[in-house]
There are 2 protein chains.
Amino acid sequence: MLRPKLLSSISSINNFSRFRSMSFQKEIHSIKTIETIPSFRSWRRQFMKQDKQVAFVPTMGSLHEGHLKLVKLASEHCPIVVVSIFVNPAQFAPNEDLDKYPRTLSHDLELLRSLNCVDTVFLPKVKDIYPSGIPLEIEKQKGTFVEVKGKSHQLEGTTRPSFFRGVSTVVAKLFNIVQPDHVFFGQKDAQQCIVIRSLISDLHFPIEMHVGPTKREHDGLAMSSRNQYLTPEMRNYAITLYNALTTIKDELDKGKRNREILLSKGYEIVEEATQKVKEKNLGFELKLDYLSIADPTTLDELQEIEEGKGAIISGALFVGRTRVLDNLLFNCTL
Amino acid sequence: MLRPKLLSSISSINNFSRFRSMSFQKEIHSIKTIETIPSFRSWRRQFMKQDKQVAFVPTMGSLHEGHLKLVKLASEHCPIVVVSIFVNPAQFAPNEDLDKYPRTLSHDLELLRSLNCVDTVFLPKVKDIYPSGIPLEIEKQKGTFVEVKGKSHQLEGTTRPSFFRGVSTVVAKLFNIVQPDHVFFGQKDAQQCIVIRSLISDLHFPIEMHVGPTKREHDGLAMSSRNQYLTPEMRNYAITLYNALTTIKDELDKGKRNREILLSKGYEIVEEATQKVKEKNLGFELKLDYLSIADPTTLDELQEIEEGKGAIISGALFVGRTRVLDNLLFNCTL
């Protein structure tokens, strides 16, 4: 219902939507944003009384088609859709890119508005999410932290040891504020999906988790907010990781099961591209962080890949200073 | 409303209560217990739709008057009262008393029933609360853990380094299952109150916390489930800690403000009792773990006690192998 009397008094772009019960479509005139936790809580409360399900897509903004696809998926599951945009300091190490992480709020809101299915965009402040403060140096941090032991130290956790502690902590906080019934994460961050699934089940959050597929550019490069760090030359070589993962996946599909043989196919591709970049003297380097073929439940590296169990084929590649991350699934889901 | 048809088919002692909206009194015929998380969730759901507030008192059972007072306090705040009984393995170190911790379920249920204000007693199983398992050796633990950094390592945390990690983790789990609006803890465990208050505020649980006063025996000994470990001789000397704390508090009340002078008064009392036990050759020892005068917000030890800030005067004393814990508050609340 439109409430024209209020329109002028609200500064942010607001969405006065009406929920059409069957189609999950909304009359969108603009998009509602909420910046404080108390305001969000009081907005959220109405749907509890009405017993209306809420879907939640947490993001760090700088939205691309991958995010938008997740939001659409969310709107197919629930009548109410909440997207949060919050660049979470706790998941950045002091040497990482917190300061330069792309922040494109008005464009993000425009994109979300165009979807016609978002009820509220939650835009919390760092000081509200972390009332005890959040220095990047882990030994200086005070306050409550959440850690998923056994699934946070390997793969991404090797290069980024407190990354998943930061992710798990902010996700727990956002869950308690948004109180969603369904939550949506992208397959692009496969280990994150596994960590969050454990977090939900171990801490008994009353939330159902969904994983949306990785959205890719025409050549296969996984969409990522960090792709905008890449120069055109770097962009050409960023696809190397996807090529390596695809080759391993193809070999698995053909029936190959030996870890060393499978990985060697991937290493070859990376090595070839690395040499080419070096020879052409392009002013940056390719540097493989890791290639992995891991158990989709435990994230343990697999020696022999079993048909029934499946595997996550994943890797990370530094293209200059930009870390490209990707994965493919063999006979499993996240 | 009594539903006699069902009575015979339910094995646990059940409570078919009717809520009288104004007085928060219930017609209690027996007491309802729920053992599984899905059953609890479906029972809980009705009160969300009805927008009825739920009060929660988490316990480890072996209930005494201190617990009962908390439950009564809870019933004064909310129309619906939930008590949980769960001996939490994660807060016991391998050398501690998990196995012999007193378990007195039928007596506990009888006590709760006599209060006529408890709607449900939640009795979860270890395997349900810890789906990833919970070995006592911390380095073997897997799954999600919650830690309140900056308030968990001192005082009780010095002697019991993973105690508050265990407490914080189980409390976060229980909060997500019970989804209370109000939660009640006893002042007896002062540091626990401070840790849980941080947990609630840092993780943004939509829960209001209340602290109930310490219930004491006629001579002042704080009631505790572990007091039953004490032989009559030990019981006589268990009061030593309370005497030391009271003396420090009296000195503060008289205007004394110097930490060393205040603590020395407490140490004297402990020393005297320790000597007496030794001389009488009673077959056990008194051994002071610590005496503390700490800031009620940060738990830092105070050098000078400021009137405005107040202090937590606390301590722990081993009486034989039983650890007696107590505290008094000076010009502050928890």
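Details
- Pairwise label distance in nanometres, residue A:139 with residue B:99, each label 7 Å out on the Cα-Cβ vector: 3.9 nm
- Inter-centroid distance (Cα atoms) of the stretch A:267-314 relative to the stretch A:68-124, Å: 29 Å
- Label separation (residue A:76 vs residue B:208): 4.3 nm, computed from points 7 Å beyond Cα along the C-beta direction.
- GluC sites (Glu not before Pro) lying in DSSP loop within the stretch B:91-186, provided at most 16 other Cβ fall within 10 Å: B:96, B:137
- Sorted into 20 angstrom bins from 0, the C-alpha pair distances of chain A split as 29, 56, 15, 0 percent.
- Average beta carbon contacts from partner chains per residue of A:169-179, 10 Å cutoff: 4
- Positive-end residue of A:290, A:78, B:322, charge dipole of the protein assembly as shown with Cβ unit charges: A:78
- Straight Cα distances below 15 angstrom link residue B:280 to the aspartates and glutamates B:233, B:271, B:272, with same-chain residues fewer than 8 positions distant left out.
- Neighbourhood charge, 14 Å Cβ-Cβ cut-off, centred on residue B:332 and excluding it, Lys, Arg +1 and Asp, Glu -1: -2
- Rounded if a/c under 1.5, otherwise prolate or oblate - the protein assembly as shown, Cα gyration tensor axes: prolate
- Using the Cβ-Cβ distance between residue B:298 and residue A:250 with R0 = 60 Å, the FRET efficiency computed as 1/(1 + (r/R0)^6) comes to roughly 0.55.
- Where trypsin sites (Lys or Arg not before Pro) fall in DSSP loop in the stretch A:244-308, at most 10 other Cβ within 10 Å: A:254
- Which listed pairs, of B:173/B:265; B:69/B:125; B:49/B:72; B:173/B:215; B:52/B:215, have C-alpha distances above 31 Å, in listed order: B:173/B:265
- The stretch B:225-330 shape via C-alpha gyration tensor axes, a/c threshold 1.5: prolate
- Of the trypsin sites (Lys or Arg not before Pro) found in the stretch A:111-184, those in coil by DSSP whose Cβ has at most 16 other Cβ atoms within 10 Å are A:125.
- Under 15 Å, Cβ to Cβ, from residue B:38 - net charge with Lys/Arg +1 and Asp/Glu -1: +3
- Computed over chain A with a Gaussian network model linking Cα atoms closer than 10 Å, the most mobile of A:264, A:292, A:314 is A:264.
- Assigned charges on the beta-carbon of Lys, Arg, Asp, Glu; the protein assembly as shown dipole about Cα centre (debye): 2180 debye
- Beta bridge orientation in chain A: antiparallel %, DSSP, nearest 5: 55 percent
- Of B:176, B:227, B:95, the one that fluctuates the most in a GNM where chain B has Cα springs shorter than 10 Å: B:95
- Fluctuation leader among A:234, A:223, A:48 - chain A, Gaussian network, Cα springs under 10 angstrom: A:48
- On the beta carbon distance between residue A:275 and residue A:233, with R0 = 25 Å, the FRET formula returns roughly 0.95.
- Shape analysis of the stretch B:116-179 places it in the oblate category; the axes a ≥ b ≥ c from the Cα gyration tensor give an a/c of at least 1.5, with a/b not above b/c.
- Look at the stretch B:192-203: the mean tally of other chain Cβ atoms within 10 Å of its residues' Cβ atoms is 3.
Just so you know, all these numbers are worked out from the coordinates, no wet-lab data involved. No experiment lies behind these values; they were computed from the predicted model shown. Ideal geometry is used to build each Cβ from the backbone, glycine not excepted, and the neighbour counts take in all protein chains shown.
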